[in-house]
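Starting off with a structure, shown below.
The values are calculated or read from the model by the stated rules, or taken from the named source; none is laboratory data. Predicted model only: the values in this text are computed from it and were never measured. Please note: Cβ atoms are built from the backbone with ideal geometry, for glycine as well, and neighbour counts cover all protein chains shown. Remember, those area values only see protein heavy atoms, side chains included, never the ligands or the DNA or RNA. Shrake-Rupley method; radii C 1.70, N 1.55, O 1.52, S 1.80 Å.
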Amino acid sequence: MQKELVSKFLDLYGDSDKDVMVFFAPGRVNLIGEHIDYNGGYVFPCALDFGTYAAVRRREDDTVRFATLNFDLKVEVDINHLVYEEKDDWTNYPKGVLKVLQDKGHTLGGFDVLYYGNIPNGSGLSSSASLEVLTAVLCNDLFALNENRVELVKLSQKAENVFVGVNCGIMDQFAVGMGKKDHAILLDCNTLEYEYTPLVLNGAKLVIGNTKKRRGLADSKYNERRGECDKALEFLQKELDIQALCEIDPQTFEQYNYLIEDETAKRRAEHAVYENQRVKEAVQALQKADLEQFGKLMNASHDSLRDLYEVTGIELDAMVEEALKVEGTIGSRMTGAGFGGCTVSIVEEEAVDTFIEKVASSYEARTGLQPEFYVANVGDGAGRILP
Ligand code: GLA
C-alpha cells in the first residue's frame with residue numbers, strides 16, 4: 001500500500017528534493033464499555049489492522065494541500081487561516097487538528113498530503129478519529145513538535161470537539177493512538193490510566209459485522225445522550241459528592257437513584273453504572289481465559305444499550321439476534337456510538353464461515369440491507385511506516 005500511495009502522491013504533487021514520508025493510523029473496535037468514556041468509566045477497545053494512510057511532504061510556503069484516494073474533493077488552505085467550512089467536508093478533521101496544535105502554541109508550515117483509508121466510512125469503526133490522530137502524529141514528526149502520544153490523542157479529541165463540533169469522548173482517539181498488537185486497552189477515562197490486556201481468545205475470532213446502516217455521529221442523538229447523563233449526574237450530586245456517573249457502583253446507584261427525578265435520565269444513568277461494572281468483570285474474565293463469561297457480558301451490554309440507553313435500532317438488534325442464533329457464537333454486541341454501524345462478535349474459529357453465511361442471509365432477509373463482515377486482527381496504534 002505505501003509504495004502505491006507514494007507513487008500516486010508523486011503523480012498528484014510532482015517530484016521535489018524533499019522526502020515523502022508515510023504514516024498509518026488504525027481504526028478501532030470497542031469490546032465492551034459503551035457510552036461511558038464521557039461518564040468517567042472504563043472502556044476496553046483495541047486497534048484494528050486496517051485504517052488510514054497518509055503520504056506527506058513539507059513545502060517551503062504556508063500552503064497545505066489535502067487530497068485522498070477515497071473521494072474527489074481536494075482542498076487547499078493557508079496554514080494561518082484555518083476555519084471550519086461545510087464545503088471542505090472530510091478535510092475539516094485534519095484542519096481541526098492543525099488548528100488545535102497552533103492554538104497550543106506550535107508553529108506549523110505548509111505541506112502536501114495524500115490520504116487513503118480502508119475503514120468503511122460511516123461504519124462506527126472510527127474513521128474520523130483515525131484521520132485525526134494520523135494528522136496529529138504526522139505533524140508531530142514533520143515539525144518536530146515533541147508532543148507525547150497521549151497529548152496528541154487529547155488534542156485530536158479536542159479538534160473533534162471544538163472544531164468539528166462533535167462532543168465525543170476520548171476512547172476512539174486513545175485506541176487509535178495507543179493500540180497494541182494482539183492486546184485490548186483497559187482505559188480509565190477518568191484518569192487516563194491504562195493497561196494492556198493480551199487478547200487471548202483461545203482460537204476464537206473477533207468478527208465485525210457492518211450493518212450498512214450508516215450512522216452520522218454529529219447529527220445522531222449522541223449529544224442528546226450526553227445531555228441526559230449530565231442531567232442524571234446533577235440530580236445525584238444533590239446528595240453525592242461525585243463528578244461523573246461512573247464514580248458510583250451499582251449498589252450506590254440503587255440506593256440513590258430515587259434522586260433522579262427524570263425517568264429517561266435515570267435509565268441512561270443505570271446503563272452507565274452497570275456497564276462500567278461489566279467492563280471490570282469482563283477484563284477479569286478475559287484474564288482468567290473465561291471467554292464464556294466475557295461473551296455473556298457482551299450480550300448484557302447490548303441488551304442495556306438497546307433497552308436503557310436506546311442507541312441500537314432495528315439493524316443492530318437484528319444482527320446481534322441473528323449472531324446469537326449461530327452455534328459457536330460466544331458473545332455479540334453493537335460497538336461504537338450505535339444508531340447503525342457495526343457489531344462485534346466473538347466466534348469459535350471453526351464456526352466463522354457458517355456464522356458469516358447465516359447472519360448475512362438472515363440479516364438481509366430481515367432488513368433488506370446487504371451486510372459485510374471482517375474477521376478482525378488487532379494491530380498497533382498510529383505511527384510512521386516510511387522511511
Ligand atoms: C463514539 C465516541 C466515543 C464513545 C462511543 C460510545 O465512538 O466517539 O467517544 O463515546 O461513541 O462508546
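Compute the semi-axes of the equivalent ellipsoid of the stretch 113-187, taking the square root of 5 times each eigenvalue of the Cα gyration tensor, and list them largest first in whole Å.
Each semi-axis is √(5λ); the values are 18, 16, 14 Å.
Compute the convex hull volume of the Cα atoms of the stretch 297-387, divide it by the residue count, and report the result per residue in Å³ as a whole number.
Roughly 129 Å³ of hull volume per residue.
What's the angle, to the nearest 10 degrees (0 to 90), between helix 222-236's Cα axis and the longest principal axis of the chain?
The angle comes out at about 50 degrees.
Right, here's the next one. Take the solvent-accessible surface of the protein heavy atoms, probe 1.4 Å, and return the percent of it on the stretch 249-361 that carbon and sulfur atoms account for.
43
State, in angstrom, two size descriptors of the stretch 26-105 derived from its alpha carbons: Rg to one decimal place and Dmax to the nearest whole number.
Over the stretch 26-105's Cα set, Rg and Dmax evaluate to 16.4, 46 Å.
With no solvent and one point per C-alpha, what does the Debye sum give as log10 I(q)/I(0) for the stretch 226-317 at q = 0.13, 0.14 Å⁻¹?
-0.47, -0.54
In whole angstrom, how long is each semi-axis of the equivalent ellipsoid of the stretch 1-142, when you take the square root of 5 times every eigenvalue of its Cα gyration tensor and sort them from largest down?
For the stretch 1-142, the ellipsoid semi-axes come out as 27, 18, 14 Å.
Let me ask another. Take the alpha-carbon positions of the chain, form their convex hull, and give its projected area averaged over all directions (one quarter of the hull surface) in nm².
If I average the Cα hull's projected area over directions, I get 19.2 nm².
Could you tell me the center-to-center distance, by alpha carbons, between the stretch 189-259 and the stretch 124-171 in angstrom?
Using only Cα atoms to place each centre, the spacing works out to 21 Å.
First measure r as the distance between the Cβ atoms of residue 369 and residue 327, then evaluate 1/(1 + (r/R0)^6) with R0 = 25 Å and state the FRET efficiency to the nearest 0.05.
0.55
So, one more: Return the carbon/sulfur percentage of the accessible area of the stretch 35-139, one whole number, probe 1.4 Å, all protein chains in place.
That share works out to 42 percent.
Ok, one more. Net charge near residue 181, counting Lys/Arg +1 and Asp/Glu -1 over other residues with Cβ under 14 Å of its Cβ?
For residues surrounding residue 181, the net value is -1.
Continuing with the same structure: How much accessible area per residue does the stretch 237-387 have, counting only protein heavy atoms and a probe of 1.4 Å, in square angstrom?
I get 45 Å² per residue for this part.
Please give, to one decimal in nm, the separation of the simple spin-label points placed at residue 354 and residue 182, each 7 Å out from Cα toward the Cβ.
Placing both labels 7 Å along Cα→Cβ, they lie 2.8 nm apart.
Here's a follow-up. Once you charge only the Cβ atoms, +1 for Lys and Arg and -1 for Asp and Glu, what is the size of the charge dipole of the stretch 86-140 about its Cα centre, to the nearest 20 debye?
About 120 debye.
Moving on to the next point. By how many nm would the segment from residue 88 to residue 107 grow when fully extended, if each residue of separation counts as 0.36 nm and the alpha-carbon distance is taken off?
4.6 nm
Assuming 0.36 nm per residue, please report the length gained on full extension of the stretch residue 60 to residue 230 beyond their Cα-Cα distance.
Extra length from residue 60 to residue 230 when fully extended: 56.5 nm.
What is the distance in Å between the Cα centroid of the stretch 343-387 and that of the stretch 30-97?
24
Given the DSSP H assignment, sum -39500 (n - 2.57) over each helix run of at least 4 residues in the chain and divide by its residue total; what's the result at 222 nm in deg cm²/dmol, nearest 500?
-12500 deg cm²/dmol
Counting pairs of alpha carbon atoms under 8 Å apart in space and at least six apart in sequence, what relative contact order in percent does the stretch 96-248 give?
Computed value for the stretch 96-248: 19 percent relative contact order.
Percent relative contact order of the chain, based on C-alpha pairs within less than 8 angstrom and at least six residues apart?
Once normalised by length, the contact order is 24 percent.
Now for a different question. Can you tell me, using C-alpha contacts under 8 Å and at least 6 residues apart, the relative contact order of the stretch 28-163 as a whole percent?
Relative contact order for the stretch 28-163 comes out at 27 percent.
Separate question: Just order 195-205, 336-346 by mean Cβ neighbour count inside 10 Å, highest at the front, would you?
Highest mean packing first, the order is 336-346, 195-205.
While we're looking at this one, here's another question. Find which of 101, 291, 77 sits farthest along the positive direction of the dipole of the chain, computed with +1 on the beta-carbon of Lys and Arg, -1 on that of Asp and Glu, about the Cα centre.
It is 77, whose Cα lies furthest towards the positive end.
Using only the C-alpha atoms of the stretch 164-303, find the volume of their convex hull and express it per residue in Å³.
Value for the stretch 164-303: 146 Å³ per residue.
Run the simple label-point estimate for residue 262 and residue 193 please: 7 Å along Cα→C-beta, distance reported in nm.
About 3.2 nm separates the two model spin labels.
Also, I was wondering about something else. For residue 148 and residue 18, FRET efficiency with R0 = 30 Å and r from the beta-carbon atoms, rounded to 0.05?
Efficiency computed from Cβ-Cβ geometry: 0.70.
Using the per-residue mean of other Cβ atoms lying within 10 Å as a proxy for protection, in what order, highest first, do the peptides 112-123, 89-100, 347-358 fall?
Averaged packing, sorted descending, gives the order 89-100, 112-123, 347-358.
Between residue 214 and residue 241, what FRET efficiency comes out of the Förster formula 1/(1 + (r/R0)^6) with R0 = 41 Å and r the beta carbon distance, rounded to 0.05?
Efficiency at R0 = 41 Å is approximately 0.50.
Let me know the Rg and Dmax you get for the stretch 229-387 when you use only its Cα atoms, in Å.
Looking at the stretch 229-387, its Cα Rg and Dmax stand at 18.4, 59 Å.
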